1. In region 47-83, how many residues are in contact with a Phe, Trp or Tyr (Cβ under 7 Å, 6 or more places away or on another chain), polar (S, T, N, Q) and part of a loop (DSSP other than H, G, I, E, B)?
2. Might you let me know whether region 78-101 holds any residue that is under 18 Å from L30 (Cα atoms), surrounded by fewer than 14 Cβ atoms within 10 Å (Cβ to Cβ) and not aliphatic (A, V, I, L, M)?
3. Can you pull out every residue in region 84-124 that is part of a helix (DSSP H, G or I) and at pLDDT 90 or above?
4. Looking at I68 and the list (1) of a type outside the set (S, T, Y); (2) crowded, with 18+ Cβ neighbours inside 10 Å; (3) touching a Lys or Arg at 6+ places or on another chain (Cβ under 7 Å); (4) at pLDDT 90 or above, which single condition is not satisfied?
5. Based on this model, can you work out whether R26 counts as closer than 30 Å to M4 by Cβ, buried (at least 16 other Cβ atoms within 10 Å of the Cβ), under 14 Å from the mean Cα position of the chain (by Cα) and touching a residue at least 60 places away in the same chain (Cβ under 8 Å)?
6. If I ask for residues that are assigned to a helix (DSSP H, G or I) and either open to solvent by less than 80 Å² (accessible area, probe 1.4 Å) or closer than 23 Å to R124 by Cβ (or both), which ones from region 29-46 would you list?
7. What number goes with the only condition from (1) under 29 Å from A115 (Cβ atoms); (2) open to solvent by 60 Å² or more (accessible area, probe 1.4 Å) that G63 does not pass?
8. Give the residues of region 125-136 that are open to solvent by less than 80 Å² (accessible area, probe 1.4 Å) and under 15 Å from the mean Cα position of the chain (by Cα), sorted by residue number.
Amino acid sequence: MDDMPPPTRRRIAGKQPFDPEPLARRLRELMQKHNESMRQASLRAGLDHQSIRRWVVDGKRPGVNACILMADHFGINPNELLELAGWPRLKMFDIRTESAEGLPPEAVTVAMTLAKIPDPGVRREVAQAILTLLEKYFE
């Protein structure tokens, strides 16, 4: 599907079943972290005041632009919300490094393996667990 043009990928993704719970859970986490209500977060992101309620409570799928605006508001990579909403990743939001030169091979292996985890929420949890282990090591 990655070799298809973005509009085709979005059209196909929009016809796929959508499970609203992972997106709703992540939005609740972000609103709690930022101490915002659904209304406040919606308005501060530049959306109408009922946007997040429709996604979290009603289980509606947000559009691509709404995901990007919410991600920008919360300071996260838009691809995380796009994936949770069932949309394809956008290459322009993929973070790439120039090279892995100077990093030990073990670090590159860990990063590459971590990047293979498809669910952004699980990927974030695994990354946090690795960071916790490293913090304990350096204490």
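1. So the answer is 1.
2. The answer is no; no qualifying residue exists.
3. Within region 84-124, L84 is the sole residue that qualifies.
4. (3)
5. Taking the combined requirement at face value, the residue satisfies it.
6. Correct list: E29, L30, M31, Q32, K33, M38, Q40, A41, S42, R44.
7. Status for G63: all satisfied but (2).
8. V126, A127
The values are calculated or read from the model by the stated rules, or taken from the named source; none is laboratory data. What you see is a predicted model, and the numbers here were worked out from it, not measured in a lab. We place every Cβ from the backbone using ideal geometry, glycine too, and count neighbours over all the protein chains shown. What goes into the accessible areas is simple: the full protein's heavy atoms, side chains included, and nothing from ligands, DNA or RNA. Shrake-Rupley method; radii C 1.70, N 1.55, O 1.52, S 1.80 Å.
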